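The values are calculated or read from the model by the stated rules, or taken from the named source; none is laboratory data. Quick caveat: nothing in here was measured; it's all calculated off a predicted structure. Heads up, the Cβs are rebuilt from the backbone with ideal geometry, glycines too, and the neighbour counts pull from every protein chain shown. Only protein heavy atoms, including side chains, enter the accessible area calculation; ligands, DNA and RNA are left aside. Shrake-Rupley method; radii C 1.70, N 1.55, O 1.52, S 1.80 Å.
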Amino acid sequence: MANKKILIIEDDANLLYGLLAKFRVEGFDVVTDEGANKTEAMEKIKVQKPNYIILDIILPRINGFQMLAEIKADPAISKIPIFIFTNLSDNDSRQKGAELGADFYLIKTELNLDEFVAKFKKIISNKEKNK
């Protein structure tokens, strides 16, 4: 897992810094974005070239679904696996996330930080094995 870079786009500071701390302890290189400016967030993805993106859908000035669509439409970054981590648990939101290309859709209220990090690591470990 070492040297894998994650970009976390999340506006809840407690959650953002909680994830940052937990992933760093696990040996990940973590970059964060508070989701205030879509242009800046997209630029961060292109410059940082993360291995994975954790994306909230409900952000202050960015529509997370729109951001997901833009990432997946850009050939330079479209292959980066995207983990949606949101409070939107309805089927329409899940379906929209899948249609737009989200690789995984996880609900914040169903997982505490430790569970989310463990699930994330298990998913990427399985993906690495299946390459």
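General remarks:
- Evaluation of Leu16 against (1) assigned to a helix (DSSP H, G or I); (2) over 19 Å from Asn3 (Cα atoms); (3) open to solvent by less than 70 Å² (accessible area, probe 1.4 Å); (4) in contact (Cβ under 8 Å) with a residue 24 or more places away in the chain (one fails), failing number: (4)
- Restricting Ala102, Ala41, Ala21 to residues that are over 15 Å from the mean Cα position of the chain (by Cα) and among the hydrophobic types (A, V, I, L, M, F, W, C) narrows the list to Ala21.
- Every residue from segment 89-128 that is among the aliphatic types (A, V, I, L, M), in contact with a Lys or Arg (Cβ under 8 Å, 6 or more places away or on another chain) and touching a residue at least 24 places away in the same chain (Cβ under 8 Å): Leu100, Leu113, Val117, Ile124
- Residues within segment 71-96 that are surrounded by fewer than 18 Cβ atoms within 10 Å (Cβ to Cβ) and either more than 14 Å from the chain's Cα centre (by Cα) or among the acidic types (Asp, Glu) (or both), tallied: 10
- Candidate set: segment 108-131, residues that are over 12 Å from the mean Cα position of the chain (by Cα) and β-branched (Val, Ile, Thr); chosen: the one least open to solvent (accessible area, probe 1.4 Å): Ile124
- Residue among Ala36, Ala41, Ala76 that is more than 23 Å from Ala13 (Cβ to Cβ) and aliphatic (A, V, I, L, M): Ala76
- Residue check, Ala36 farther than 23 Å from Lys127 by Cβ, in contact with an Asp or Glu (Cβ under 8 Å, 6 or more places away or on another chain), part of a loop (DSSP other than H, G, I, E, B) and aliphatic (A, V, I, L, M): yes
- Residue in segment 97-104 that is part of a helix (DSSP H, G or I), touching a Pro at 6+ places or on another chain (Cβ under 9 Å) and open to solvent by 60 Å² or more (accessible area, probe 1.4 Å) present: no
- Met67, sole failed condition from (1) surrounded by fewer than 18 Cβ atoms within 10 Å (Cβ to Cβ); (2) in contact (Cβ under 8 Å) with a residue 24 or more places away in the chain; (3) part of a helix (DSSP H, G or I): (1)
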